[in-house]
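The values are calculated or read from the model by the stated rules, or taken from the named source; none is laboratory data. Small disclaimer: the values here were computed from a predicted structure and weren't measured. Don't worry about glycine lacking a Cβ; one is built from the backbone with ideal geometry, like all the others, and counts go over all protein chains shown. Note: areas computed on protein heavy atoms with side chains; ligands, DNA, RNA excluded. Shrake-Rupley method; radii C 1.70, N 1.55, O 1.52, S 1.80 Å.
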Amino acid sequence: MMMKRTCITGTGSYLPEKILTNADLEKMVDTSDEWITTRTGIRERRIAAEGEHTSDLATEAARRALTMAGVAPEELDLIIVATVTGDFSWPATACLVQHNLQAKRAFAFDISAACSGFLYGLSIADSYLRAGTAKKVLLIGAEVFSRIVDWKDRGTCILFGDGAGAAVLETGGEDRGLLSCHLHTEGGCWPLLYQMGQGSRNPADGGGCEPSNPFVQMQGNEVFKVAVRSLCEAGEEALVANKMAAADVDLLIPHQANRRILEATAKRLGIPPERVVVNVDRVGNTSAASIPIALDEAHRSGRVKQGDVLLLNAFGGGFTWGAVLLRW
Ligand code: ACO
């Protein structure tokens, strides 16, 4: 019997209205448009409005994906939100989205895998769908990084942006859908990229034994080196597992960390620039939201054709990384 594969039946994304350009950043920190574009390829990013929260971005992206899929919120069995900038420590942002959508039948939870969150989410959704425990899953990547970066730290604040992307997943055809997911973790590298936040190491009463800096902490050049190597390895692993070569990939949709990382990865994998989806110049690094935003933009602009082989890859805090191969 042929296996029924998990298919993406709808995509959606939402970017906040406010644009923060490199010229705006020049007025905030000691930087230049030239430095930012050369090192990162980022020209502008979106910033959530006051009072606009991660769950709001997630809900809007979700509505667009549900409309495209022709799925009503009450048909959903499961809602997963990948985020490290949720509305609260808890409850999960997915619970707030479940309420916003009035998706009464769905159970909902968040996953924390930083920039790899959407790929981790795809793997979880796939497992529920294959097991038959869920028939319709809504997966969202949503982040409001503008509220956790230090706007005085030029090394980090120039990189990130806010946004959300969503996908509706259902069990679909035999000849298309998710082919395989390859996920990895290296927990020992956490000090290279993290945010302390509130937790057992930083108790609510302020009596933590660790120095408490509330903002994103990052050793950028260390992250860069490991990211390129790991992204290539995961991409190759996915191709080998499916007996494919770089030439079989119609579109690479990478996590949009910065242009240098994604160009270096594509080059090493042997995928030419015209087959790589890039929107980092307009949205910056939106962490878990980045792949579903790029996927939705590519899909809506007609770049993704039925039967196309898509390779998605991501790297982020944890360290977490991975690749997913699918046939559209
Ligand atoms: N404007 C001007 N100068 C800057 C800026 C800035 N915004 N930021 C740093 N500099 C300076 C530094 O202070 C340093 O100056 P010094 O030599 O006088 O000390 C110099 O530029 C070089 O700094 P580096 O950190 O070595 O610069 P690098 O070439 O590594 O570029 C960057 C920094 C863009 C952060 C790069 O390391 C990078 O892209 N790393 C990957 C990080 C990343 O993408 N993180 C996101 C999360 S993980 C992920 O999504 C994959």
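Tabulated data
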item	result
Solvent-accessible heavy-atom area per residue, rounded to whole Å², over the range 244-314 at 1.4 Å	35 Å²
Distance from the range 84-103 to the range 45-63 (C-alpha centre basis), Å	12 Å
Isotropic mean projected area of the C-alpha convex hull, the range 11-106 (nm²)	7.7 nm²
Formal net charge of residues neighbouring ASP77 (Cβ-Cβ distance under 12 Å; K, R +1; D, E -1)	+1
The range 1-156, accessible surface, carbon-and-sulfur percent (1.4 angstrom probe)	52 percent
Within the chain: Cβ-based charge dipole about Cα centre, in debye rounded to nearest 20 (Lys, Arg +1; Asp, Glu -1)	680 debye
Positive dipole terminus of the range 1-117, leading residue within HIS53, LEU25, MET68 (C-beta point charges)	MET68
Sorted peptide list for 235-245, 95-105, criterion being average Cβ within 10 angstrom, highest first	95-105, 235-245
Links that overshoot a 22 Å alpha carbon limit, given the list LYS243/LYS267; LYS18/LYS267; LYS27/LYS152; LYS4/LYS243; LYS18/LYS152; LYS4/LYS305	LYS18/LYS267
Cα-based equivalent ellipsoid of the chain: semi-axis lengths in Å, sorted from largest, via gyration tensor	29, 24, 19
Kyte-Doolittle mean at least -0.5 and Cα axial length at least 27 Å: DSSP H helices in the chain	220-241
Extended-chain gain in nm, criterion 0.36 nm per residue less alpha-carbon gap, SER127 and TRP190	20.0 nm
Test item: Cα-centred dipole of the range 178-327, Lys/Arg +1 and Asp/Glu -1 on Cβ, debye	320 debye
Between the range 260-320 and the range 124-159, the Cα center-to-center distance that results, in Å	15 Å
Accessible carbon and sulfur surface of the range 228-299 relative to its total accessible area, %, 1.4 Å	50 percent
Prolate/oblate/rounded label for the range 178-327 (Cα gyration tensor, a/c 1.5)	prolate
